[in-house]
Amino acid sequence: MCLGIPGEIVEILPGRTDLARVEVAGVRRAINIGLLGEGAVRPGDWVLVHVGFAMSKIDEAEAAATLALLDGLGQAYADELEALSGSDIT
Amino acid sequence: MRFVDEYRDADKARALAARIASLCEPGRRYKFMEVCGGHTHTIYRHGLEDYLPESVTLVHGPGCPVCVIPMGRVDDAIAIARQPDVIMTSFGDMMRVPGGRGSFLDAKAAGADIRMVYSPLDALALARRNPDRRVVFLAVGFETTAPSTAMTVLRAAREGVANFSVFCNHVTIIPAIKAILDSPDLRLDGFIGPGHVSTVIGCRPYEFIARDHGKPLVCAGFEPLDVLQAVAMLLRQLAEGRAEVENQYARVVPWEGNPRALRAIGEVMELRPHFEWRGLGFISQSALRIRDAYAAHDAERIFEVPGVRVADPKACQCGEVLKGVLKPWECKVFGTACTPETPIGTCMVSSEGACAAYYNFGRFTRRRVEEVTPA
């Protein structure tokens, strides 16, 4: 729950300015971008995702470093990704 | 992986270790608390204590939201889950946390409808799909997760999802740090500030620690080099006679935090007069509850909540571990009666709990080292 997982914005969902489709570790899921402010992110941007919400915008280097750190966590990260893949917030 | 190397480089770690050693005043001992469980995890996983001189001790703080939930609140959540038509939802981390009469997993096995969700928004979606059921989300976490709960309540209210409510257990980090600063048990020289909490609250709320208590705080990232650099920054402040709030994690943490997230929390939640923390006892104004305006989504007003206080098991020393008074391996039941498979205390349940982190990375030799060289 405490893990912030980097995700790359794939698209802002049509007609839903608060939702974006992001790719997180190969999984595409909708996440809420309402905490970042209108127009703050575009496709190709990276965000740190906490429990379905983008909490902050990060750069690609930070995203890569965080993903490597998460990979090293083992089960905790696997559990979080499994939970994420079952998530449907649209 | 060129990006990653920047934060992992062994040469850089050694260079930082040398710098840390050179900043230490001979004969002086330093105790820094890392507030956040994520940092505890990094410290044990990467054996960062091996990079520090013997005079520098890292003390683990209360920053694991799963670990600080008192047993009585778990029992309350189970009591709600057992009421008619209820679907209780929770993050996976909470499933094995023991209450006074078992965990969520036990209650589920006994027939309660308890489901794991990734996001509070998943719980809201479940409520929409099951209009004849009452869906409750067990909200836990510091300021990192509170905005998500708040945004979900706002959405439930806007959409009129009347069968969705929140059992709110959100806690706030600043009062916990205050309680530790006021505790006579522990003398600290500085703090490694939490990374993700600070993306929401920013760095300003920590200023009292420097101003009123004369202790430096450095907000830090979660990479091994981040933590070492934060230690070096703390030592440099002490060497120069400064006590300030510094931001090592500026690449993620804005000084002012996330104003939208803070607004969402403020709109939906207010401070409770007091809240019980595991190990720290009752701390005034240290937790959040749902405001009157959103009472329709507040599980504590919708359901009968027993609110019974349950004392921690006698053998369990999570309290001392959470306050940083004891190291995990100094607890009487660590690794024997209390393991991640059969946890007695919360610190062994969550992967960010100090005990679980220490247990999983198998640094059992430490006990012998400590016995010959007491701190």
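The value for region B:1-85 of Rg(Cα) / (2.2 N^0.38 Å) is 1.67.
What's the longest uninterrupted piece of chain B once you rule out the GluC sites (Glu not before Pro) that are loop residues per DSSP with at most 14 other Cβ within 10 Å?
Free of exposed loop sites, the longest segment is B:55-239.
Rg and Dmax over the alpha-carbon atoms of the protein assembly as shown stand at 21.3, 69 Å.
Length available on full extension from A:Arg42 to A:Ala25: 0.36 nm per residue minus the Cα-Cα distance, which gives 4.3 nm.
Rounded to the nearest 500 deg cm²/dmol, what is the calculated helix-only ellipticity per residue at 222 nm for chain B, with -39500 (n - 2.57) per DSSP H run of length n ≥ 4?
-11000 deg cm²/dmol
The C-alpha atoms of region B:55-108 occupy a region whose extents along the principal axes are 57, 19, 14 Å, arranged from largest to smallest. Stokes-Einstein diffusion for region B:130-258, with the hydrodynamic radius set to the Kirkwood value over Cα pairs and evaluated at 4 °C in a medium of 1.567 mPa s, equals 78 µm²/s. Computed over the alpha-carbon atoms, region A:5-85 gives an Rg to Rh ratio of 0.96, Rh here being the Kirkwood radius from the mean inverse distance. Going by neighbour counts of Cβ atoms within 10 Å, the residues B:Thr144, A:Thr90 line up, fewest first, as A:Thr90, B:Thr144. With 0.36 nm allotted per residue and the present C-alpha distance subtracted, the B:Asp185-B:Asp292 stretch has 34.7 nm of extension available.
Each part reduced to its alpha carbon centroid, region A:3-59 and region B:32-63 end up 31 Å apart.
Seen from A:Leu36, the other residues with C-beta closer than 10 Å to its C-beta sum to a net charge of -1, counting Lys and Arg as +1 and Asp and Glu as -1.
Note on chain A: with a GNM built from Cα contacts shorter than 10 Å, the maximum mean-square fluctuation among A:Gly44, A:Gly52, A:Gly15 falls on A:Gly15. In Å, what Kirkwood hydrodynamic radius results for region B:58-201 from the alpha-carbon pair distances? Across region B:58-201, the inverse of the average 1/r is 16.4 Å. Taking the DSSP bridge list for chain B and keeping only pairs wholly inside it, about 20 percent are antiparallel.
From least to most packed, judged by other beta carbons within 10 angstrom and beginning with the fewest, B:Thr57, B:Thr199, B:Thr172 follow the order B:Thr57, B:Thr172, B:Thr199.
Per the Debye formula on identical point scatterers at the alpha carbon atoms of region B:158-202, with no solvent, log10 I(q)/I(0) at q = 0.16, 0.27 Å⁻¹ is -0.65, -1.06. Listed cross-link partners B:Lys178/B:Lys215; B:Lys215/B:Lys332; B:Lys31/B:Lys215; B:Lys215/B:Lys323; B:Lys31/B:Lys178; A:Lys57/B:Lys215 are compared with a 23 Å cut-off, the Cα-Cα value being larger for B:Lys215/B:Lys332; A:Lys57/B:Lys215. Taken along the Cα-to-beta-carbon direction at a fixed 7 Å, the label points for B:Glu240 and B:Ser22 span 1.5 nm. Counted by neighbouring Cβ atoms within 10 Å, the residues B:Met233, B:Met95, B:Met269 run from fewest to most as B:Met95, B:Met233, B:Met269. Radius of gyration (Cα atoms) of chain B, expressed as a multiple of 2.2 N^0.38 Å: 1.01.
We did not get these values from a lab; they are worked out from the coordinates using the rules stated. Worth saying up front: this structure is predicted, and the values here are computed from it rather than measured. Reconstructed Cβ throughout: ideal geometry from the backbone, glycine too, with neighbour counts over all protein chains shown.
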